[in-house]
Amino acid sequence: MNYRHIYHAGNFADVAKHIILSRVILYMQRKEKAFRVFDTHAGIGLYDLSSEEAQKTGEWQGGIGRLLEAYVNAPKNVKPLLEPYLDVVRSFNEEEGIRQYPGSPLITRKLLRNQDRLTALELHPDDFETLQSHFEGDYQARITHLDGWLGVKSHMPPKEKRGVTLVDPPFEVFHEFFNHLKGMKEANERFSAGTHMMWYPIKNRQACDEFRTELYKTKIPAILDISLEVRPQKGRVNTFDGTGLAIVNPPYALEQELKLIMPWLKSVLEENKGSGQYKINWINPAP
Ligand code: SAM
């Protein structure tokens, strides 16, 4: 386990993923009944963007850095959709600028109501300890040192019977696509009403297309695929050019919200003007 998210925290992929996560969680709150969010690969929770590691790549500048700068000029119908996510980011920072970036477990936690719960899993022993330190005494959060792929299976269904799973593996190994398919099928067998979010990097386009084809073949209804590429592929080299999320049982309103958010987000996060693209496609349509 060599992957350290501190090098990438707040980059374009985090921003897109966390905005979508926030919209999913807020939608769940349209009903009074409690729900649980499972974060199977949770990371350390809070990232110091002034650290040597974050400064080394500077990736956050092309993500949350750009977003905060551009936000004042965002269209009127986009701003309210981003505000809850940005409020969370701002809550970890002074009024001016940004020094800390919250990861998915802290973003989730800040958005939960009293009746809602978070289960966060992290396998790296040091990262687990750091993550746990942010939730001491928090009865709404259960932080567990466990393999996320086991958790997808063993923690389903949640006792609340309403839930969202964010599966955000490091993709250090190519077979993470296979892990996603296996984990999603297992989760779906046990909890078919749940919303299941699978993050993937866009590096090798062919591998992404094969993943989408395999998702299609599962015949599981209602899988929405959202992708954002900040630059086109250069030759045959596979570089990290984009971010994807395949979502089983997305909230009803998500597609419409993303049709507003994604064009603007693309224009903000693309490397150069016109170099990016986004797609919102049903892999398998809702019944
Ligand atoms: N979800 C986080 C966020 O959005 O802020 C980022 C998570 S990062 C991409 C992936 C994390 O998964 C790393 O912290 C890594 O240590 C952890 N990890 C790697 N393999 C794991 C496994 N099998 N189970 C649980 N966590 C794992």
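Data table
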{"item": "Residue ID - nearest to the ligand (Cβ to nearest atom), chosen from residues in segment 140-155 that are buried (at least 17 other Cβ atoms within 10 Å of the Cβ) and modelled with pLDDT under 95", "result": "151"}
{"item": "Residue match in segment 173-182 (condition: under 18 Å from residue 117 (Cα atoms), open to solvent by less than 60 Å² (accessible area, probe 1.4 Å), more than 9 Å from the ligand (Cβ to nearest atom) and touching a Pro at 6+ places or on another chain (Cβ under 9 Å))", "result": "no"}
{"item": "Evaluation of residue 137 against (1) modelled with pLDDT of 95 or more; (2) open to solvent by less than 40 Å² (accessible area, probe 1.4 Å) (one fails), failing number", "result": "(2)"}
{"item": "Counted residues, segment 170-194 - those being part of a loop (DSSP other than H, G, I, E, B), over 16 Å from residue 247 (Cβ atoms) and out of contact with any strand residue (DSSP E or B) (no Cβ under 6 Å at 6 or more places or on another chain)", "result": "5"}
{"item": "Filter result (at pLDDT 95 or above and of a type in the set (D, E, K, R)) within segment 159-175", "result": "159, 160, 161, 162, 168"}
{"item": "Residue among 53, 94 that alone is open to solvent by 60 Å² or more (accessible area, probe 1.4 Å) and within 16 Å of the ligand (Cβ to nearest atom)", "result": "53"}
{"item": "Flag for residue 123 being farther than 28 Å from residue 65 by Cα, near the ligand (Cβ under 10 Å from one of its atoms) and either open to solvent by less than 60 Å² (accessible area, probe 1.4 Å) or under 20 Å from the mean Cα position of the chain (by Cα) (or both)", "result": "yes"}
{"item": "Tabulated pairs, segment 45-63, first without any contact (Cβ under 8 Å) to a residue 60 or more places away in the chain, second of a type in the set (Lys, Arg), C-beta under 6 angstrom, 6+ apart or interchain", "result": "49/99; 50/99"}
{"item": "All positions within segment 258-283 that are touching a Gly at 6+ places or on another chain (Cβ under 7 Å) and among the acidic types (Asp, Glu)", "result": "270"}
{"item": "Selection from segment 215-252 of residues that are under 27 Å from residue 274 (Cα atoms), among the hydrophobic types (A, V, I, L, M, F, W, C) and not in a strand (DSSP E or B)", "result": "230, 237, 240"}
{"item": "Output for segment 211-249, where each listed residue is on the phi > 0 side of the Ramachandran plot, in contact (Cβ under 8 Å) with a residue 12 or more places away in the chain and open to solvent by 30 Å² or more (accessible area, probe 1.4 Å)", "result": "219, 249"}
{"item": "Any hit, segment 103-111, residues being among the hydrophobic types (A, V, I, L, M, F, W, C) and over 20 Å from the mean Cα position of the chain (by Cα)", "result": "no"}
{"item": "Segment 21-50: number of residues that are of a type in the set (Val, Ile, Thr) and either open to solvent by 10 Å² or more (accessible area, probe 1.4 Å) or more than 16 Å from residue 85 (Cβ to Cβ) (or both)", "result": "2"}
{"item": "Yes/no for residue 193 being open to solvent by less than 30 Å² (accessible area, probe 1.4 Å) and on the phi < 0 side of the Ramachandran plot", "result": "no"}
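The values are calculated or read from the model by the stated rules, or taken from the named source; none is laboratory data. These figures come from a predicted structure and were not determined experimentally. Glycine also receives a Cβ, built like all others from the backbone with ideal geometry; neighbour counts cover every protein chain displayed. Areas reflect the complete protein model, heavy atoms only, side chains present, ligands, DNA and RNA absent. Shrake-Rupley method; radii C 1.70, N 1.55, O 1.52, S 1.80 Å.
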